[in-house]
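A.B. asks: Take this structure, written in C-alpha coordinates, and hold onto it; I'll ask about it next.
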Amino acid sequence: LVEKFGIDPNNAFAFWDWVGGRYSVCSAVGVLPLSLQYGFAVVEKFLQGAHSIDQHFSSAPFEKNIPVLLGLLSVWNVSFLGYPARAILPYSQALEKLAPHIQQVSMESNGKGVSIDGLPLPFESGEIDFGEPGTNGQHSFYQLIHQGRVIPCDFIGVVKSQQPVYLKGEVVNNHDELMSNFFAQPDALAYGKTPEQLKKENVSEHLIPHKTFTGN
(Lines give C-alpha, C1' and ligand atoms only; values in the text may rest on other atoms or scores of the structure.)
Protein backbone atom coordinates (compact mmCIF):
# COMPACT_ATOMS: atom_id res chain seq x y z
CA LEU A 1 0.00 0.00 0.00
CA VAL A 2 2.77 2.46 0.84
CA GLU A 3 4.47 1.66 -2.48
CA LYS A 4 1.28 2.47 -4.37
CA PHE A 5 1.16 5.70 -2.42
CA GLY A 6 4.65 6.57 -3.69
CA ILE A 7 6.66 5.71 -0.56
CA ASP A 8 9.68 3.42 -0.58
CA PRO A 9 8.71 0.29 1.45
CA ASN A 10 12.12 0.51 3.14
CA ASN A 11 10.96 3.77 4.71
CA ALA A 12 7.70 2.31 6.01
CA PHE A 13 7.09 1.46 9.65
CA ALA A 14 6.26 -2.23 10.07
CA PHE A 15 3.12 -3.19 11.95
CA TRP A 16 1.90 -6.76 12.31
CA ASP A 17 -1.78 -7.44 11.66
CA TRP A 18 -1.95 -9.90 14.58
CA VAL A 19 -1.10 -7.27 17.22
CA GLY A 20 -4.23 -6.03 18.98
CA GLY A 21 -4.71 -2.32 19.43
CA ARG A 22 -4.43 -2.44 23.21
CA TYR A 23 -1.01 -4.13 22.89
CA SER A 24 0.34 -1.66 20.32
CA VAL A 25 1.95 0.90 22.61
CA CYS A 26 5.45 -0.52 21.93
CA SER A 27 4.86 -0.93 18.19
CA ALA A 28 5.28 1.70 15.48
CA VAL A 29 1.74 2.86 16.24
CA GLY A 30 2.85 3.87 19.73
CA VAL A 31 6.50 4.85 19.36
CA LEU A 32 6.13 6.96 16.20
CA PRO A 33 3.96 9.66 17.84
CA LEU A 34 6.10 9.36 20.98
CA SER A 35 9.26 10.05 18.94
CA LEU A 36 7.65 13.00 17.15
CA GLN A 37 6.71 14.54 20.48
CA TYR A 38 9.80 13.76 22.60
CA GLY A 39 12.53 12.47 20.26
CA PHE A 40 14.10 9.06 19.76
CA ALA A 41 16.18 9.27 22.94
CA VAL A 42 12.95 9.10 24.96
CA VAL A 43 11.64 6.29 22.75
CA GLU A 44 14.78 4.27 23.44
CA LYS A 45 14.36 4.70 27.19
CA PHE A 46 10.69 3.75 26.89
CA LEU A 47 11.51 0.56 24.97
CA GLN A 48 14.36 -0.26 27.34
CA GLY A 49 11.91 -0.07 30.23
CA ALA A 50 9.45 -2.34 28.42
CA HIS A 51 12.23 -4.81 27.62
CA SER A 52 13.40 -4.75 31.23
CA ILE A 53 9.98 -5.70 32.61
CA ASP A 54 9.59 -8.36 29.89
CA GLN A 55 12.88 -9.91 31.00
CA HIS A 56 11.84 -9.71 34.64
CA PHE A 57 8.48 -11.35 33.91
CA SER A 58 10.04 -14.21 31.95
CA SER A 59 12.89 -14.94 34.38
CA ALA A 60 11.97 -13.93 37.94
CA PRO A 61 10.60 -16.62 40.29
CA PHE A 62 6.87 -16.30 40.96
CA GLU A 63 7.33 -15.18 44.56
CA LYS A 64 9.37 -12.18 43.32
CA ASN A 65 7.68 -11.65 39.95
CA ILE A 66 5.94 -8.27 39.98
CA PRO A 67 3.46 -8.86 37.08
CA VAL A 68 2.57 -12.30 38.47
CA LEU A 69 2.04 -10.92 41.98
CA LEU A 70 -0.12 -8.07 40.65
CA GLY A 71 -2.22 -10.54 38.67
CA LEU A 72 -2.64 -12.86 41.64
CA LEU A 73 -3.55 -9.89 43.83
CA SER A 74 -6.34 -8.97 41.41
CA VAL A 75 -7.64 -12.56 41.42
CA TRP A 76 -7.53 -12.59 45.22
CA ASN A 77 -9.36 -9.27 45.55
CA VAL A 78 -12.05 -10.09 42.99
CA SER A 79 -12.66 -13.82 43.38
CA PHE A 80 -11.91 -14.40 47.06
CA LEU A 81 -12.53 -11.10 48.85
CA GLY A 82 -15.37 -10.00 46.58
CA TYR A 83 -14.00 -6.55 45.70
CA PRO A 84 -15.05 -5.94 42.08
CA ALA A 85 -13.17 -2.68 41.42
CA ARG A 86 -9.67 -1.23 41.58
CA ALA A 87 -8.68 2.44 41.66
CA ILE A 88 -5.50 3.44 39.80
CA LEU A 89 -4.23 6.67 41.33
CA PRO A 90 -1.10 8.22 39.77
CA TYR A 91 0.03 11.38 41.55
CA SER A 92 1.27 13.04 38.37
CA GLN A 93 -0.77 14.89 35.75
CA ALA A 94 1.58 13.49 33.09
CA LEU A 95 0.06 10.07 33.86
CA GLU A 96 -3.54 11.20 33.37
CA LYS A 97 -4.05 8.63 30.59
CA LEU A 98 -2.54 5.72 32.53
CA ALA A 99 -5.80 4.68 34.22
CA PRO A 100 -7.87 4.58 30.99
CA HIS A 101 -5.03 2.73 29.25
CA ILE A 102 -4.91 0.05 31.95
CA GLN A 103 -8.69 0.05 31.93
CA GLN A 104 -8.72 -1.02 28.30
CA VAL A 105 -5.81 -3.47 28.57
CA SER A 106 -7.27 -5.18 31.62
CA MET A 107 -11.03 -5.01 31.08
CA GLU A 108 -10.97 -5.83 27.37
CA SER A 109 -8.47 -8.65 27.86
CA ASN A 110 -10.16 -10.17 30.91
CA GLY A 111 -13.74 -9.23 30.15
CA LYS A 112 -15.06 -12.50 28.75
CA GLY A 113 -17.32 -14.72 30.83
CA VAL A 114 -16.24 -17.93 29.10
CA SER A 115 -12.98 -19.88 28.86
CA ILE A 116 -10.92 -20.41 25.69
CA ASP A 117 -13.04 -23.54 25.16
CA GLY A 118 -16.26 -21.53 25.28
CA LEU A 119 -17.33 -22.84 28.69
CA PRO A 120 -18.81 -20.48 31.32
CA LEU A 121 -16.29 -19.47 33.95
CA PRO A 122 -17.03 -20.59 37.53
CA PHE A 123 -15.64 -17.31 38.88
CA GLU A 124 -15.63 -13.58 38.15
CA SER A 125 -13.51 -12.87 35.09
CA GLY A 126 -12.04 -9.44 35.79
CA GLU A 127 -12.12 -6.26 37.81
CA ILE A 128 -13.47 -2.79 37.11
CA ASP A 129 -10.54 -0.41 36.67
CA PHE A 130 -10.89 3.36 37.00
CA GLY A 131 -8.87 6.30 38.26
CA GLU A 132 -7.75 9.90 38.02
CA PRO A 133 -4.50 11.70 38.76
CA GLY A 134 -3.79 12.88 42.29
CA THR A 135 -6.03 15.48 43.80
CA ASN A 136 -8.48 15.27 40.86
CA GLY A 137 -9.60 11.94 42.27
CA GLN A 138 -9.56 13.23 45.85
CA HIS A 139 -12.21 15.78 44.94
CA SER A 140 -14.40 13.39 42.96
CA PHE A 141 -14.57 9.73 44.09
CA TYR A 142 -12.29 9.41 47.16
CA GLN A 143 -15.33 10.05 49.37
CA LEU A 144 -16.73 6.66 48.38
CA ILE A 145 -13.36 4.98 48.99
CA HIS A 146 -12.99 6.55 52.44
CA GLN A 147 -16.52 6.15 53.76
CA GLY A 148 -18.58 4.17 51.26
CA ARG A 149 -17.16 0.79 50.29
CA VAL A 150 -13.85 -1.05 50.16
CA ILE A 151 -12.02 -0.47 46.88
CA PRO A 152 -8.42 -1.69 46.49
CA CYS A 153 -6.19 1.18 45.34
CA ASP A 154 -2.89 1.38 43.49
CA PHE A 155 -1.16 4.61 44.55
CA ILE A 156 1.60 5.65 42.13
CA GLY A 157 4.05 8.34 43.18
CA VAL A 158 6.63 10.17 41.06
CA VAL A 159 9.98 11.11 42.59
CA LYS A 160 10.97 13.80 40.09
CA SER A 161 8.44 16.21 38.62
CA GLN A 162 8.65 17.16 34.96
CA GLN A 163 7.60 20.73 35.70
CA PRO A 164 8.06 21.73 39.35
CA VAL A 165 6.40 25.06 40.07
CA TYR A 166 7.19 27.36 42.99
CA LEU A 167 4.40 29.80 43.78
CA LYS A 168 5.28 33.15 45.30
CA GLY A 169 5.38 33.00 49.09
CA GLU A 170 5.26 29.21 49.32
CA VAL A 171 8.08 27.23 50.93
CA VAL A 172 7.62 24.03 48.91
CA ASN A 173 6.82 23.50 45.25
CA ASN A 174 3.59 22.10 43.86
CA HIS A 175 5.06 18.62 43.42
CA ASP A 176 6.06 18.40 47.08
CA GLU A 177 2.53 19.36 48.07
CA LEU A 178 1.15 16.72 45.72
CA MET A 179 3.45 14.07 47.20
CA SER A 180 2.29 15.04 50.68
CA ASN A 181 -1.19 14.05 49.57
CA PHE A 182 0.23 10.86 48.04
CA PHE A 183 1.58 9.76 51.42
CA ALA A 184 -1.37 11.03 53.47
CA GLN A 185 -4.20 9.35 51.57
CA PRO A 186 -3.00 5.72 52.00
CA ASP A 187 -2.45 6.43 55.71
CA ALA A 188 -5.98 7.76 56.02
CA LEU A 189 -7.39 4.71 54.25
CA ALA A 190 -5.30 2.34 56.37
CA TYR A 191 -5.89 3.89 59.79
CA GLY A 192 -9.16 5.79 59.43
CA LYS A 193 -10.37 8.33 61.96
CA THR A 194 -12.22 7.56 65.16
CA PRO A 195 -14.87 9.63 66.98
CA GLU A 196 -12.37 10.07 69.83
CA GLN A 197 -9.82 11.65 67.50
CA LEU A 198 -12.44 14.00 66.10
CA LYS A 199 -13.53 15.04 69.60
CA LYS A 200 -9.92 15.94 70.41
CA GLU A 201 -9.97 18.15 67.30
CA ASN A 202 -13.07 19.93 68.69
CA VAL A 203 -15.28 18.79 65.81
CA SER A 204 -18.95 19.55 66.46
CA GLU A 205 -20.82 16.59 67.94
CA HIS A 206 -23.39 16.44 65.14
CA LEU A 207 -20.62 16.30 62.50
CA ILE A 208 -18.65 13.44 64.08
CA PRO A 209 -20.68 10.61 62.45
CA HIS A 210 -20.16 12.26 59.07
CA LYS A 211 -16.40 12.58 59.50
CA THR A 212 -15.70 9.19 61.07
CA PHE A 213 -14.35 6.44 58.84
CA THR A 214 -12.82 3.07 59.61
CA GLY A 215 -9.41 2.05 58.36
CA ASN A 216 -8.64 -1.28 56.73
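The values are calculated or read from the model by the stated rules, or taken from the named source; none is laboratory data. Since the structure is predicted, the reported quantities are computational estimates derived from the model, not experimental observations. No Cβ is skipped: glycine too gets one built from the backbone with ideal geometry, and neighbour counts run over all protein chains shown.
A.B. asks: Do you know which residues across region 173-207 are of a type in the set (S, T, N, Q) and under 23 Å from the mean Cα position of the chain (by Cα)? If you could, list the steps in order and put the result at the bottom.
C.D. replies: Going through region 173-207, the residues of a type in the set (S, T, N, Q) turn out to be 173-174, 180-181, 185, 194, 197, 202, 204.
174, 180, 181, 185 - these are the residues of region 173-207 that are of a type in the set (S, T, N, Q) and under 23 Å from the mean Cα position of the chain (by Cα).
A.B. asks: Out of curiosity, is residue 57 among the aromatic types (Phe, Trp, Tyr), surrounded by 13 or more Cβ atoms within 10 Å (Cβ to Cβ), part of a helix (DSSP H, G or I) and touching a helix residue (DSSP H, G or I) at 6+ places or on another chain (Cβ under 7 Å)?
C.D. replies: Here the answer is no, as residue 57 does not meet what is asked.
A.B. asks: Only residues that are within 29 Å of residue 185 (Cα to Cα) and touching a Pro at 6+ places or on another chain (Cβ under 6 Å): list them for region 96-126, please.
C.D. replies: 96, 98
A.B. asks: Output the strands (runs of 3 or more DSSP E) that fall wholly within region 62-178 and possess 1 or more residues being in contact with a Ser or Thr (Cβ under 6 Å, 6 or more places away or on another chain) and of a type outside the set (A, V, I, L, M, F, W, C), or say none.
C.D. replies: Values: elements: 85-90, 128-130, 153-156.
Result: 128-130.
A.B. asks: So in region 120-168, with the set limited to residues that are free of Cβ contacts under 8 Å to residues at least 60 places away in the same chain and of a type in the set (Asp, Glu), which one is nearest to residue 74 (Cα to Cα)?
C.D. replies: Among residues in region 120-168 that are free of Cβ contacts under 8 Å to residues at least 60 places away in the same chain and of a type in the set (Asp, Glu), the one nearest to residue 74 (Cα to Cα) is 127.
A.B. asks: Still on this model: Hey, among the residues in region 110-132 that are charged (D, E, K, R) and either more than 24 Å from the chain's Cα centre (by Cα) or closer than 30 Å to residue 91 by Cβ (or both), which one's surrounded by the fewest Cβ atoms within 10 Å (Cβ to Cβ)?
C.D. replies: Residue satisfying both the conditions and the ranking: 117.
A.B. asks: Quick check on my filter: what residues within region 1-43 are part of a helix (DSSP H, G or I), among the hydroxyl-bearing types (Ser, Thr, Tyr) and either assigned by TED's automatic domain parsing to the domain that holds residue 102 or modelled with pLDDT of 85 or more (or both)?
C.D. replies: Answer for region 1-43, where residues must be part of a helix (DSSP H, G or I), among the hydroxyl-bearing types (Ser, Thr, Tyr) and either assigned by TED's automatic domain parsing to the domain that holds residue 102 or modelled with pLDDT of 85 or more (or both): 35, 38.
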